[in-house]
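Quick notes on the structure that follows.
Where a number appears in this text, it was derived from the coordinates with a stated rule and is not lab data. No experiment lies behind these values; they were computed from the predicted model shown. Glycine also receives a Cβ, built like all others from the backbone with ideal geometry; neighbour counts cover every protein chain displayed.
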Amino acid sequence: MIPAPFRSARARLTILYSTLLFALAALVVGGLYLSLSLSLRDEPLSQGAAIRAMVPVNDGGAEVERTFVEAAAFERQVNEHTLRNLRRFSIGALTGLFLFSLAVGWVIAGRVLAPIARITAVAQEIQASALSRRIGLRGPDDELRRLADTFDSMLARLEEAFASQRRFVADASHELRTPLAIIQTNLELALSETAPSDGSRAEAAVVIERALRRMTRLTDDLLALARLESPEIARETFPAHQLLEESRTEFARAATARAIELESVAPAELELHGDREALRRALANLLDNALRYAPTGSRVTLSAESADGAASLLVADEGPGLDDTDREQVFDRFWRADGSRDRNGGGSGLGLAIVKRIAEAHGGSVSVRSEPGAGATFAIELPESEPEPSAA
């Protein structure tokens, strides 16, 4: 169990720096001491020299030679004393160096980790309702600066996601409130009549049934969007002309009812890779949108083409078209257009948003080419590549 004072990164870095510095200093001092010790153990410099003198004995009657100082022994004592002092001074110096390095390491580690402390403080202060706060770390473009910038980028994405979620919930609530208000109003009128006639009841039932259809469609589209948030989609390979012909057949009766010519054109060799049912739903949303706004007696064309390694599914109508502002917003959730392309026809406002999400789930994109009064062409662009192998 690590003691509490040593659990912080600052304390661990300080100990690490000091230990490494102490180890390096100990190696240097130990190497110097060993080298000096080995050199002093070599042949003494005195080479057997000694200080001798003749001293009289027996009351000066005779003299003998005596050795007063042997240089080799004296040299050994001096060397031992020098090595002993060197050991004592080295140990003291290393101890002082270690203590000093702890203090210096603590200060340096604190300065190095100060940006992390700032990041932590900001992260603790941020709440889901206040995602506009940013770290804004200044200084050199190092790892800590990039970490802070990455955190700021993540906060920006989270802020946008939360704002989009709030807008989505508000728009969905508004869309659901309208048919509910219609149902409630007609029920109250029907119940408030003292003697309701069959005609008033039938009229209220028709209005309520139409509002219920709108709610059902909106609920289905909301569920479809929720399912499309999953990153996993089915992968299969199938001919493009089959998908287009199936979609044309599904809307043939609706087109005939409005005297609209609906045709599909696709190369027989073009193949698509992805979720067949999801792409069918995307085409269905585009066709429903085109048939709703195409004038009676006009033409709607469903086609497919391949170019530059991408396959495109196109739905073109001869309706009122879109201006520049509408083209930028047409794929937003619950987008409302001014003029002829509004949702009086009963749409949920999520159809084109679902098309965009399906295209993105396939690694592609969706776009629209249109001019006011000249119709619109919606294009789903898909990468023309082999499907990814499924996990074992």
How would 300, 107 line up from fewest to most surrounding beta-carbon atoms within 10 angstrom? 107, 300
In debye to the nearest 20, the charge dipole size for the range 155-228, taken about the Cα centre with +1 at each Lys and Arg Cβ and -1 at each Asp and Glu Cβ, equals 280
The long-range amide H neighbours of residue 260, using H built 1.01 Å from N in the peptide plane and a cut-off of under 5 Å, are 297
D_trans [Stokes-Einstein, Kirkwood Rh over alpha-carbon pairs] for the range 155-228, 20 °C, 1.002 mPa s, µm² s⁻¹: 147
Can you list residues whose amide H is under 5 Å from residue 310's amide H, if they're 5+ apart or on another chain and H is modeled 1.01 Å from N? 384
Considering amide H positions built from the backbone, and no H for Pro or chain starts, which residues 5 or more places from residue 265, or on another chain, come under 5 Å of its amide H? 302, 303, 304
Is the range 165-302 best put as rounded, prolate or oblate by its Cα gyration tensor, with a ≥ b ≥ c the root eigenvalues, rounded for a/c under 1.5, and otherwise prolate when a/b is larger than b/c, oblate when not? oblate
What is the gain in length, in nm to one decimal, between residue 250 and residue 146 on full extension, counting 0.36 nm per residue of separation less the C-alpha to C-alpha distance? 32.1 nm
What are the GluC sites (Glu not before Pro) within the range 156-218 that DSSP puts in a loop, where the Cβ has at most 12 other Cβ atoms within 10 Å? 193
Ascending count of other beta-carbon atoms within 10 Å, so fewest first, for 90, 153: 153, 90
Output the Kirkwood hydrodynamic radius of the range 93-144, Cα pairs only, in Å rounded to one decimal. 13.6
Span from the the range 190-227 Cα centroid across to the the range 100-166 one, whole angstrom: 52
Counting other beta carbons within 10 Å of each Cβ, put 33, 293, 17 in order, fewest first. 33, 17, 293
Using 1/(1 + (r/R0)^6) with R0 = 22 angstrom and r between the beta carbons of residue 103 and residue 37, what's the FRET efficiency to the nearest 0.05? 0.10
